[in-house]
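The values are calculated or read from the model by the stated rules, or taken from the named source; none is laboratory data. Only a predicted model underlies this, so the values are computations on that prediction, with no experimental measurement involved. All Cβ positions, even for glycine, are placed from backbone atoms using ideal geometry, and neighbour counts span all protein chains on display.
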Amino acid sequence: MADTQAMQMAENTLIDIEVPMPPGIDWLGGLLMLGWGLLAVLVVLLLGTMVWFVWRRAQLYWRLERLKRALAKSSSEHGAVQLYQALQTAKRHDLLTSDAEAPLKQAIDQACFGPKTVSRETLSSLIQTFQAELKAAAPSMGDAVRALPTIVRTGLKRLGLGRANAEQTLRGNHK
């Protein structure tokens, strides 16, 4: 009996049923996701620029510190060669200004390729001079941000995605 009463009440009750919305394109959500994506790319590029300018310089500075500590234990000839290699690394990554690089290069060349063996004290003073020039040539954050387009362009060229490669691909001039 209770079942028949429940069925009669269910038949007599009006139920408000909403028609489902047709699926559409969520333009606002898409624009929001695009904005977050562009912001993420910008942050990654900014962090990459900071790493590009700061990490290489810090790595070379630490390398010089290790060389200075190792100089007390090993021969000065080995230290002179490592100092020359550090100078070549600094030149390759443009970590020194050209004004500071020339006298430093001359002093290190004399220490490495001169007729006499250089003392540990001389090498230690060269390392200290090198570290001071490395600190003095450190760019500001504004310089790093201004150099961002150049860094991105260089990275794209290394990956083979530069403008010249794109034009060659479009013309069909493959190497």
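Data for the structure
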| read-out | value |
| --- | --- |
| The one condition in (1) surrounded by fewer than 13 Cβ atoms within 10 Å (Cβ to Cβ); (2) in contact with a His (Cβ under 7 Å, 6 or more places away or on another chain) that Arg56 fails to fulfil | (1) |
| Test result for Thr97, closer than 14 Å to Glu133 by Cα and polar (S, T, N, Q) | yes |
| Filter result for the condition that a residue is farther than 30 Å from Leu148 by Cα and touching a residue at least 24 places away in the same chain (Cβ under 8 Å), over Ala107, Ala70, Ala80 | Ala80 |
| Filter result for Leu123 (touching a helix residue (DSSP H, G or I) at 6+ places or on another chain (Cβ under 6 Å) and not assigned by TED's automatic domain parsing to the domain that holds His93) | no |
| Residues of the stretch 76-127 that turn out to be within 30 Å of the chain's Cα centre (by Cα) and in a loop (DSSP other than H, G, I, E, B), as a count | 5 |
| Residue within the stretch 165-175 that is among the hydrophobic types (A, V, I, L, M, F, W, C) and either assigned to a loop (DSSP other than H, G, I, E, B) or at pLDDT below 75 (or both) present | yes |
| Considering residues of the stretch 93-150 that are under 20 Å from Ala58 (Cα atoms) and of a type in the set (Asp, Glu) only, the residue surrounded by the most Cβ atoms within 10 Å (Cβ to Cβ) | Glu133 |
| Residue in the stretch 91-102 that is free of Cβ contacts under 8 Å to residues at least 12 places away in the same chain and on the phi > 0 side of the Ramachandran plot present | yes |
